[in-house]
Structure formats: C-alpha cells, structure tokens
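Colleague: Take a look at this one; I'll ask things after.
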Amino acid sequence: MLDRDALAQLKGLKTQIESEKERTEAVLRGTPARYGFARTDDGREVFVPPDEMLKAFPGDRVRVCLRPGKDKRPIAEIEGLVDSPIGEFTGRCVSKGKAMFVEPDIPGVSRWLFLPPQARNGAKTGDYLRCALQRHPIRDGKPQAKVLATIGAADEPGIENSYTMAKYGLEREWSEGDKEKLNEILANAAPENDPGREDFSDLAFVTIDAARTQDIDDALYAEVTSDGWLLYVAIADPTAYITADSPLRATVAARASSAYFHGAVVPMLPESIAQQRCALTEGELRAALVCRVAIAEDGSVGEFKFFEAKIRSRAKLSYCAVDRYLSGQDESLICHATPLEALYQVSRALRSRREANELVMEDRQEFRWQLNDRGHIESIEPCEKLSSQRLVEECMVATNRCAAVLLADAGASGPFVVHDGFRRDRLKDREKFLELYVKDAGSLDPDSLEGYRDLLRQLAASEHELPLRSMVNRLLTRARLSKKPGAHMGMSLPLYTNCTSPLRKYLDFLVHLQIKATLRGEAAAACEQPELDTLNQKLQKLRQISNEAERWLTLEYLQRQSEVAPGPWSAHVSHMGNNGFSVRLDDSGLEGYVDLRKAGEKFHFDKWTATLKSKSRHFRVNTPVKVTLIGSDEETAHLPLFKLDPNSGRKLEVISQPEETTDA
C-alpha cells in the first residue's frame with residue numbers, strides 16, 4: 001500500500017496535470033493525413049491526433065481539452081460536440097464485403113460512413129446518393145448515414161449533370177405552389193393586347209439563335225436611313241407577368257440565372273412562360289420591350305428610345321442558316337434579305353467603331369463538343385465564331401449601352417455592370433509593371449477610359465517575348481454589379497448594363513423593371529447594393545457548378561482517350577500559379593493542371609516575368625508543353641492532372657528582370 005506521503009504526492013501531481021489543462025471550444029480543420037487541428041476562438045491552432053479526429057468531422061464545432069504533449073506543445077482532446085454543419089450531403093455508394101458505406105462528397109471528409117441495412121433505401125454499390133447523417137461519431141468514432149434518395153447509377157445518361165445539380169441543391173423545376181401562382185397569372189394576363197403598347201407588329205422582325213433554342217428572348221429588325229440605320233431590338237417581356245411587386249419576383253431572384261450544362265439546362269423561368277407565353281415565337285403576337293436606336297454610318301450610337309410594345313416575329317432563323325446566307329452559300333433566306341442585309345451592315349459598322357475606339361475581347365480558338373447517348377463527349381471539333389453570332393452580339397451590346405444611359409439619366413439605382421480596371425491594392429505593382437514594359441508610361445493615365453484602353457492595346461500589340469497582355473491580368477479587377485453608374489474599363493465604355501436576356505438572367509429582368517418604371521414616370525425601385533452583391537455571388541456559384549460538371553465530362557473523355565493514345569499530348573500553358581500552371585490541349589481545348597511540386601525539382605515564381613523557373617526549366621503563359629494524364633485533383637473536383645514530359649520547358653530563354661519570387 002502507498003503511504004500517506006506517496007498518496008499526497010500523487011494527488012499533487014494530479015492537481016498539477018489538471019491545472020495545466022485548458023477547456024475551450026474550437027472548430028476542427030482536417031488535413032490530407034488522418035490528424036487535424038482545432039482552431040480556438042482566439043485564433044490558436046492546436047494539433048488533434050488521428051484517434052481524436054475520428055470523433056468528429058472537419059468543420060465541427062467541439063469542446064476540447066488542451067493539454068501539454070510530450071514536446072510541451074499543446075494537444076487537443078475532443079470532449080463534446082457543440083454543432084456540426086453536416087446534415088444532408090451527396091456521395092457514392094461503396095461496399096466492403098457485405099457492409100455498405102457512402103463515400104461522402106464533403107470537403108475535408110475522406111472516410112466512408114456506414115449505411116445500416118434498414119437505412120439503405122434500395123441503394124446499390126456504385127449509385128450516387130443523397131444522404132443524411134444518422135449518427136454522429138462523437139461517442140464512439142463510428143458514424144452512420146441514411147439514404148434519402150438515389151440520384152442515379154454510375155452508367156445513367158447525364159449522371160454528371162444530375163449529380164452536380166443535386167450536390168449543390170439546384171432544382172430543375174419551380175415548386176408546385178409557385179407554378180400554380182404563375183399559371184394563374186398567365187391565365188388572366190394578355191399584355192400583348194394592351195392598347196397602350198406601341199404596335200411594331202408591322203415590322204419584319206426576325207430571331208437569330210441556336211436551332212434548338214425555345215426560350216427566344218430577342219428579335220431584330222433594321223432599316224436603312226439617309227445617314228445610317230435605325231436598329232430595333234425587341235426583348236421578351238416577362239416583367240409584364242411577374243411585376244415588381246409580385247411575390248414570384250423573389251423566386252426569380254433566388255434562381256439568379258438559368259444554369260447551363262452540356263446536354264442540360266436548369267431554367268430560371270418555367271417553360272410555360274419562358275418557352276411559351278413570353279418567347280418571341282415566329283408568327284405570334286408578343287409583348288416586348290423594344291429599343292429603337294439610330295446608328296450612324298461610322299457605327300456611332302445616336303438617339304435612342306425604349307418602348308413597351310408588341311411585335312410579331314416573321315421567322316425563327318438559326319445562326320448557321322444566317323451565316324450561310326451572309327457568306328453567299330445559301331439563298332434560301334432571300335425572302336428576309338431586306339432586314340438581314342441591313343442588320344449585317346449595321347453590325348459591321350458597330351463592330352468597326354468598337355474596334356477603333358473601344359476595347360473588344362479577342363477571339364480565341366473555340367471547340368464544339370459532340371455528346372453521345374450517355375451524355376459523354378463523343379468527339380471534339382474546332383469551330384470559329386460565326387458572322388451571324390457577331391451580328392447578334394453587336395446589336396445586344398448597343399442595346400445594353402442604351403439601357404445603361406437611360407437608367408443613369410433617370411437617376412435610377414442601376415443595376416449597372418462596372419469594371420474598375422486596376423485593383424486598388426496593386427497600384428504599386430502596376431507602377432513597377434509599367435516602368436518595366438511600357439514605353440512612355442508617364443504619358444498614360446491608366447485610370448481614365450482612354451488611358452486604360454491605350455495601355456491594353458499597346459500590351460496586346462506588343463512584340464515583346466513576354467506575354468504582357470496576359471501578365472497584366474493579375475493586376476485587374478473583375479466586373480461587378482453596382483447601384484451607382486460607373487465606367488466599364490474592360491470595354492472602354494462610360495456606362496454599361498445587361499438587359500437583353502430577361503428570360504434567362506435575373507440581372508436583365510431587374511433592369512427591365514427599372515426601365516419600365518422610368519418609361520412610366522414612376523420612381524424606380526431602389527436596387528440595394530447588398531442585393532446586387534448577393535446576385536453576383538450566386539452567378540459566380542452557378543458558373544462554378546457548371547464548370548465542375550464540365551470538368552467531370554472532360555476527365556472521363558481524357559481517361560478514355562489515354563487508353564487509346566496515352567500521349568504525351570501537345571498543349572500550351574494557359575494560366576500561371578505559384579505552384580504550377582494550367583494547360584490547354586491544342587487539339588481539343590480541354591484544360592487541366594500541372595503541379596510542379598511533384599516535378600522532382602524546386603521551382604520559384606518570378607512575378608515580373610510571370611515565369612516559373614527551376615535550374616533547368618522555365619514556364620510562362622503560351623509555353624508549348626507535352627503532357628500525360630495522371631489522374632484528377634483531390635481538392636478541385638474532377639480537375640484533370642497532367643504530368644510534364646521531361647523535355648518540356650528546357651529550351652526557353654531566360655529573361656533577366658528584377659525578381660520577386662515565391663517558392664513552389
């Protein structure tokens with residue numbers, strides 16, 4: 001037995017150990033390994049051993065006990081769960097022996113979750129699932145999930161799109177309640193019969209779109225005048241049904257935009273309004289918002305006026321058919337020669353004016369995907385932008401410019417599309433860049449429309465061996481939505497917005513509401529900046545979602561191609577990063593990533609030459625490379641990963657400039 005002194009010493013040691021412990025709350029952060037870290041509210045990150053990480057998930061808020069480790073550094077032990085963000089999630093059904101699990105598609109969660117027999121809901125191995133957490137692992141480290149629904153089998157046609165939509169909660173259809181409200185509105189409204197609308201039904205409007213398009217939201221007409229042309233752009237009018245004070249407006253705002261996938265669309269508006277009642281269908285009288293604008297022979301935009309109107313499209317024409325007609329390959333559209341010839345002339349004048357006085361995005365090689373019955377890529381063909389597509393584009397840009405001027409003159413709170421040019425937090429870098437690469441930089445004012453335009457033109461036309469136009473992109477902002485009018489530096493325009501796709505984009509829908517209020521002499525409803533910021537975030541999220549599905553299809557295609565022709569494949573560097581770069585395959589335009597941290601040598605990034613360098617190799621934008629597919633990235637879903645051919649990048653001449661480097 002221990003004597004009293006020994007017992008007292010043990011008690012004192014226990015008291016000391018307890019006094020060295022600290023209890024607090026923290027949020028868990030996972031790592032690619034099994035261990036993690038607990039981030040406390042005061043900003044500390046404390047190591048969590050692998051066995052402790054089994055008790056919770058990354059992102060969980062937990063109660064932890066912090067105690068000294070063997071090296072006196074603190075270690076976190078998980079004592080209880082405060083809150084977990086994991087509720088419903090998606091994943092894939094996997095099995096091991098007779099046991100079934102779901103491999104969750106949750107960032108940072110790499111372990112499988114057990115599916116009890118009574119919770120499988122008919123799921124089979126390989127199925128993609130929507131699940132819910134049934135038992136948290138906080139007690140025994142053994143989590144369980146239940147299957148809510150099967151999204152589809154692995155070989156189901158279009159599963160890439162269906163799964164990605166389900167993963168991010170994109171609903172293909174409106175709720176039944178909202179559809180009933182909309183159908184009631186459609187049954188009782190006939191704005192095309194409103195005598196107060198301007199009647200343009202005698203003008204020979206035509207629509208030009210993809211052959212399969214049903215939600216036709218613009219129609220065009222032009223006529224020659226003594227000093228140029230009168231251009232009429234008619235835009236579908238869903239706000240004639242879903243008004244500013246309609247409860248359905250919130251539903252439209254929540255969807256933000258139609259989401260486009262290869263082989264599928266999640267529409268912003270239901271078919272009953274987007275493809276039927278509002279679509280500018282051939283031969284049907286339709287309500288429309290019409291912009292009439294005078295275009296001078298030199299392509300300058302003159303006087304304009306917007307009308308709440310009604311029109312009747314004379315024909316539904318496809319881009320390909322119009323392009324064949326304009327190029328003289330097909331005379332079948334000769335009956336529409338008068339408006340088509342005028343539209344072609346006015347679009348060329350507008351384009352020439354923009355190229356001479358503004359900034360126009362350079363065309364790059366485009367590719368067309370051909371999908372098979374499973375929704376997978378069957379083949380990829382190079383394609384060029386059609387003259388008919390440019391025709392429509394120029395008419396839309398002119399109309400959008402007019403809409404922005406109308407709203408600004410009326411004092412409406414936008415929404416405007418603003419591009420600020422250079423980032424305010426990188427002005428010192430801009431100064432250094434201009435000093436290094438731009439002649440007579442002091443004579444340019446890059447914060448003015450003219451100075452910014454001249455600078456970017458000079459960089460694009462430069463014969464410097466560095467890709468100066470691409471290099472400057474890291475110093476530029478992205479376009480944003482604003483309640484206040486402002487310049488669009490990227491287009492070299494004093495004002496800009498979007499109004500020509502209200503069936504597909506809430507931004508355009510919102511601009512229509514503002515234009516109508518202005519035309520009626522009413523106070524336009526104020527667009528609050530937080531609402532526009534939220535809309536911008538939603539649009540970015542939709543792009544990320546469609547890009548994820550596209551990467552999945554890309555990866556599947558490349559994996560099949562690599563079985564037939566494993567490479568290496570010819571490509572060019574398309575985007576630089578600190579640790580690697582993106583490449584674009586020459587024969588297909590498909591993109592993937594090269595991680596130079598796994599290249600067997602140390603690289604550093606020189607931002608003044610936008611070059612990743614090692615002792616033997618150098619890479620920058622447009623560097624030709626040879627690559628081989630090796631898999632996909634764990635952090636970016638389905639992103640193809642490539643391995644470089646050993647000889648890629650070895651012959652690039654080193655350009656000497658002052659260096660500021662980041663190790664890869």
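Colleague: For each pair in LYS179/LYS316; LYS146/LYS167; LYS439/LYS613, compute the distance between the two Cα atoms and list the pairs where it is over 18 Å.
Modeller: LYS179/LYS316; LYS439/LYS613
Colleague: Could the peptides 157-164, 497-504, 282-289 be put in order, highest first, of the mean number of other beta-carbon atoms found within 10 Å of their residues?
Modeller: Peptide ranking by packing, descending: 497-504, 157-164, 282-289.
Colleague: Could you order the peptides 322-329, 411-418 from most to least packed, using the average number of other C-beta atoms within 10 Å per residue?
Modeller: 411-418, 322-329
Colleague: Give me, ordered by chain and number, the residues 5 or more places off ILE75 or on other chains with an amide H under 5 Å from its own placed amide H.
Modeller: Result for ILE75 returns ARG67, GLY69.
Colleague: From the phi angles alone, apply the Karplus equation (6.51, -1.76, 1.60; θ = phi - 60°) to the range 361-369 and give each ³J(HN,Hα) in whole Hz, x where the residue is Gly or Pro.
Modeller: 5, 6, 6, 10, 4, 9, 9, 10, 8
Colleague: If you don't mind, another one. Taking the Cα atoms of the range 344-401 alone, what are Rg (to one decimal) and Dmax (as a whole number) in Å?
Modeller: 15.6, 47
Colleague: Moving to a separate point now. Charges only on Cβ, +1 for Lys and Arg, -1 for Asp and Glu: so what's the dipole of the chain about the Cα centre, in debye to the nearest 20?
Modeller: 2560 debye
Colleague: Based on the Kirkwood radius over alpha-carbon pairs, what is the Stokes-Einstein translational diffusion coefficient of the range 97-202 at 25 °C with 0.890 mPa s viscosity, in µm²/s?
Modeller: In µm²/s, the coefficient rounds to 139.
Colleague: Could you tell me which of the pairs LYS607/LYS643; LYS505/LYS538; LYS21/LYS70 are separated by over 19 angstrom between their Cα atoms in the structure shown?
Modeller: Beyond 19 Å between Cα atoms: LYS607/LYS643.
Colleague: At most 10 other Cβ atoms within 10 Å and a DSSP loop assignment: could you name the chymotrypsin sites (Phe, Trp or Tyr not before Pro) in the range 485-523 that fit?
Modeller: Nothing satisfies the criteria.
Colleague: Taking every pair of alpha-carbon atoms in the chain, give the share separated by more than 38 Å as a whole percent.
Modeller: That tail contains 50 percent of the Cα-Cα pairs.
Colleague: Charges on Cβ only, +1 for Lys and Arg, -1 for Asp and Glu, centred on the Cα centroid of the range 110-252; of ASN183, ALA211, ALA234, which one is farthest towards the dipole's positive end?
Modeller: Going by the charge dipole, the pick is ASN183.
Colleague: Specify the inter-centroid distance of the range 339-364 and the range 138-213, based on alpha-carbon positions, in whole Å.
Modeller: Between the Cα centres of the range 339-364 and the range 138-213 lies a distance of 34 Å.
Colleague: Just to be sure I understand the curve: with the Debye formula and one point per C-alpha of the range 554-614, what is log10 I(q)/I(0) at q = 0.15, 0.26 Å⁻¹?
Modeller: Normalising to I(0) and taking log10 leaves -0.53, -1.10.
Colleague: Moving to a separate point now. If you place +1 on the Cβ of every Lys and Arg and -1 on the Cβ of every Asp and Glu, how big does the dipole about the Cα centre of the range 147-281 come out, in debye to the nearest 20?
Modeller: My answer is approximately 480 debye.
Colleague: Taking 1 over the mean of 1/r across every pair of different Cα atoms in the range 208-364, what Kirkwood radius in Å do you get?
Modeller: Here the Kirkwood hydrodynamic radius works out to 17.6 Å.
Colleague: Ok, one more. If you roll a 1.4 Å probe over the heavy atoms of the protein chains, what accessible area per residue do you get for the chain, in Å²?
Modeller: Per residue, the chain has 50 Å² of solvent-accessible surface.
Colleague: Full extension from GLU393 to ALA356: what is 0.36 nm times the residue separation minus their Cα-Cα distance, to one decimal in nm?
Modeller: In short, 11.6 nm is gained.
Colleague: Below 19 Å, Cα to Cα, which aspartates and glutamates can LYS428 reach? Residues fewer than 8 away in the same chain don't count.
Modeller: ASP420, ASP440, ASP445, ASP447, ASP606, GLU659, GLU660
Colleague: Given the options THR623, GLY80, TYR128, identify the residue whose Cα lies farthest towards the positive end of the charge dipole of the chain (+1 on Cβ of Lys, Arg; -1 on Cβ of Asp, Glu).
Modeller: Final value for the positive-end residue is GLY80.
Colleague: Can I ask one more? Using a 7 Å offset from the Cα along the Cα-to-Cβ direction at both SER443 and ARG34, what is the distance between the two label points in nm, to one decimal?
Modeller: 6.9 nm
Colleague: Quick one: dipole size for the range 220-369, taken about the Cα centre, charges +1 on Lys/Arg Cβ and -1 on Asp/Glu Cβ, in debye to the nearest 20.
Modeller: Value, rounded to 20: 500 debye.
Colleague: Return the tail of the calculated pair distribution for the range 484-563, meaning the percent of Cα-Cα pairs more than 18 Å apart.
Modeller: 63 percent
Colleague: Write down the Kirkwood hydrodynamic radius of the range 19-132, to one decimal in angstroms, obtained as one divided by the mean of 1/r over all alpha carbon pairs.
Modeller: 15.4 Å
Colleague: Now, a different point. Given the range 148-196, report the % of alpha carbon pairs whose separation exceeds 13 Å.
Modeller: Above the 13 Å cut-off, the range 148-196 has 71 percent of its Cα pairs.
Colleague: Once the principal axes of the Cα atoms of the range 295-428 are found, what is the range along each, listed largest first in whole angstroms?
Modeller: Result, largest extent first: 48, 43, 31 Å.
Colleague: What list of ³J(HN,Hα) values in whole Hz, one per residue of the range 118-130 in order, does the Karplus curve 6.51 cos²θ - 1.76 cosθ + 1.60 (θ = phi - 60°) give from phi, with Gly and Pro shown as x?
Modeller: 6, 10, 8, 6, x, 5, 10, 4, x, 5, 8, 10, 10
Colleague: Hey, another quick one. For the chain, which whole-number percentage of the solvent-accessible area (1.4 Å probe, protein heavy atoms only) is attributable to carbon and sulfur atoms?
Modeller: Here it works out to 47 percent.
Colleague: On to the next question. Kindly give the semi-axes, whole Å and largest first, of the ellipsoid equivalent to the range 237-285, taking each as the square root of 5 times a Cα gyration tensor eigenvalue.
Modeller: Taking √(5λ) for each eigenvalue gives 19, 19, 6 Å, largest first.
Colleague: Between the alpha-carbon centers of the range 283-324 and the range 475-528, tell me the distance in whole angstrom.
Modeller: 20 Å
Colleague: Put +1 on the Cβ of each Lys and Arg and -1 on the Cβ of each Asp and Glu in the chain; which of TYR344, THR554, ASN357 then has its Cα farthest toward the positive end of the dipole?
Modeller: THR554
Colleague: So, one more: Give, as a single signed number, the net charge of other residues whose beta carbon lies under 11 Å from the beta carbon of ILE380, with Lys and Arg counted +1 and Asp and Glu -1.
Modeller: My count for the surroundings of ILE380 gives -3.
Colleague: Moving on. Where Rh is the Kirkwood radius over the Cα pairs of the range 407-528, the temperature 4 °C and the viscosity 1.567 mPa s, what D in µm²/s does Stokes-Einstein return?
Modeller: Using the Kirkwood radius from Cα pairs, D works out to 80 µm²/s.
Colleague: How large is ³J(HN,Hα) for each residue in the range 284-298, as worked out from phi by the Karplus curve 6.51 cos²θ - 1.76 cosθ + 1.60 (θ = phi - 60°), to whole Hz, x for Gly and Pro?
Modeller: Here the 3J(HN,Hα) series is 9, 6, 9, 5, 8, 9, 10, 10, 10, 9, 7, 10, 6, 4, 8 Hz.
The values are calculated or read from the model by the stated rules, or taken from the named source; none is laboratory data. For clarity, every value in this text was computed on a predicted model and none was experimentally measured. Here the Cβ is made from the backbone with ideal geometry for all residues, glycine too, and neighbour counts use every protein chain on show. Remember, those area values only see protein heavy atoms, side chains included, never the ligands or the DNA or RNA. Shrake-Rupley method; radii C 1.70, N 1.55, O 1.52, S 1.80 Å.
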